[in-house]
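Worksheet for the structure shown next.
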Amino acid sequence: MDLTHSPADEAFRTEARAWLAAHVPAVPLPSLETEEGFGAHRAWEAELAADRWSVVSWPAAYGGRDAGLLRWLVFEEEYYAAGAPGRVGQNGISLLAPTLFDHGTEEQRARVLPPMATGEVIWAQAWSEPGAGSDLASLTSKAVRTEGGWLVNGQKTWSSRAAFADRAFGLFRSEPRTPKPHQGLTYLMFDLRAPGVTVRPIGRLDGKPAFADIFLDDVFVPDEDVIGEPGQGWRIAMSAAGNERGLTLRSPGRFLAAADRLVELWRGRGSPSQERERVADAVIGARAYQLFAYAAAARFLDGEPIGPESSLNKVFWSEYDIALHETALDLLGRDGELADTDWAEGYVFALAGPIYAGTNEIQRDIVAERLLGLPKGRR
Ligand SMILES: Cc1cc2nc3c(=O)[nH]c(=O)nc-3n(C[C@H](O)[C@H](O)[C@H](O)COP(=O)(O)OP(=O)(O)OC[C@H]3O[C@@H](n4cnc5c(N)ncnc54)[C@H](O)[C@@H]3O)c2cc1C
């Protein structure tokens, strides 16, 4: 594999770097898990979109730059190196948009994607339910046919950003009796402010409402908001889940920048020798993940699906993120625990990495069975 970037890719990198240097807010935005921070991040999405930096890999018709996956990786490296804000639009951009590119109608893409790119409409993912997490196919929220659409009832939970978001996408049981639980599900988009929807924020460890419960009571969803064929929701949803774990959810640029910040922190604390190896491991880990991500992107561009290898990526980045933050907090000592630093907030978030996007236990099962060919475990 040739790892050198073309002159055109380097020109793209230079252009992105210059734009970011001129636009990244000098003072970090407040946490996007607060109402104030959510608004500030939404405005940042609009600023990015105004110069078409919000969704660089998308077609120009929807606000992108037709830049492709490799340049997206380059952009992300520049984005995080510049210290730019976390993306409040990520659920929509990295999960719903790929689904609509593959399974949506032209009308849905034209209607949904541009306001997603600008942050005007922020999306929440409504998959999990109180009785359906790892075993998502056991979900019980229902969609029942009505004139011109569907009536939806049930409860979704752990929905990130739903406390302040505008719309959500999720799976609903539209056929009550099917031979297998993942059959008869329909993939719908719905308005979080529609009549019958109640959103109840759930506080994170630090109290910030990072997620919400969503209660649905006879909520009307028009036919135009069904993605793909009714009953085919599982197949459609799973095609996006691999992207989430494998690549787009955690770009290597984020970890390269975090490892650089860790080295700075270590130097700033007098380069303590007892943390030397852990800091070196963090730098090596970020590089390894970068290579892994470029390899996954190259395979994808050659027409291969990201496939079960995405589970390897997911386990790697989630465990790496925790180790990196633990090293930073150890370097900070008491300062790290007392101050509301980026490292402390990052640590709280990193702790959840082995759970969301499919728990690491489940990912390890996938690796064991589908990559290593080991026998199925007893479930
Ligand atoms: C920060 C965060 C953000 C999230 N955001 C969203 C969101 O935006 N939208 C959304 O829909 N959901 C979201 N979730 C929910 C997340 O997807 C679920 O928490 C996750 O899928 C696990 O489901 P569960 O919590 O029901 O745990 P369970 O499925 O009950 O699992 C409990 C434990 O048992 C293990 N386990 C379960 N089954 C097996 C098995 N077959 N083999 C081995 N071990 C097993 C699990 O690995 C886990 O350790 C989020 C969660 C977190 C923490």
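No value in this document is a laboratory result; all are computed from the given coordinates. These numbers come from a predicted model, not from an experiment. Virtual Cβ from ideal backbone geometry, glycine too; neighbours counted across all protein chains shown.
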Inset, instruction - At 0.36 nm per residue, minus the direct Cα-Cα distance, what do residue 137 and residue 35 gain on full extension? Give it in nm, one decimal, please. - result: 33.5 nm
Inset, instruction - Report the full-extension gain for the segment residue 110 to residue 144: residue separation times 0.36 nm, less the Cα-Cα distance, to one decimal in nm. - result: 9.6 nm
Inset, instruction - List, largest first, the extents of the alpha carbons of region 154-289 along their principal axes, each in whole Å. - result: 62, 32, 25
Legend entry - Chain lengthening between residue 372 and residue 280 when straightened (0.36 nm per residue, less Cα-Cα): 30.2 nm
Legend entry - Principal axes of region 121-232: Cα extent on each, largest first, Å: 42, 29, 21
Inset, instruction - Taking the Cα centre of region 5-86 as origin, sum charge times position over the Cβ atoms of Lys and Arg (+1) and Asp and Glu (-1), and report the length of that vector in debye to the nearest 20. - result: 180 debye
Legend entry - Value of [θ]222 nm, deg cm²/dmol, for the chain, DSSP H segments ≥ 4, -39500 (n - 2.57) each, nearest 500: -14000 deg cm²/dmol
Legend entry - Calculated FRET value between residue 23 and residue 194, using beta carbons and R₀ = 25 Å, to 0.05: 0.10
Legend entry - Share antiparallel - DSSP beta bridges, the chain, percent rounded to 5: 80 percent
Inset, instruction - Could you give the size of the charge dipole of the chain about its Cα centre, using +1 on the Cβ of each K and R and -1 on the Cβ of each D and E, expressed in debye and rounded to the nearest 20? - result: 780 debye
Inset, instruction - Along each of the three principal axes of the Cα atoms of the chain, give the extent in whole Å, ordering the values from largest to smallest. - result: 67, 50, 45
Inset, instruction - May I ask for the net charge around residue 42, where only other residues with Cβ less than 12 Å from the Cβ of residue 42 are counted and Lys, Arg are +1 while Asp, Glu are -1? - result: -4
Legend entry - Values of log10 I(q)/I(0), in the order q = 0.09, 0.11, 0.16, 0.17 Å⁻¹, for region 245-370 under a Debye, Cα-only, solvent-free model: -0.28, -0.41, -0.79, -0.87
Inset, instruction - Determine the shape class of region 5-86: with a ≥ b ≥ c the square roots of the Cα gyration tensor eigenvalues, call it rounded for a/c under 1.5, and otherwise prolate if a/b is greater than b/c, oblate otherwise. - result: prolate
Inset, instruction - Normalising by the residue count of region 121-232, find the relative contact order in percent from Cα pairs under 8 Å and 6+ residues apart. - result: 30 percent
Inset, instruction - Sum up the charges of everything whose Cβ sits under 11 Å from the Cβ of residue 278, counting Lys and Arg as +1 and Asp and Glu as -1, but leave residue 278 out. - result: -4
Inset, instruction - Report the charge-dipole magnitude of region 121-232 in Debye, nearest 20, computed about the Cα centre from +1 at each Lys and Arg Cβ and -1 at each Asp and Glu Cβ. - result: 360 debye
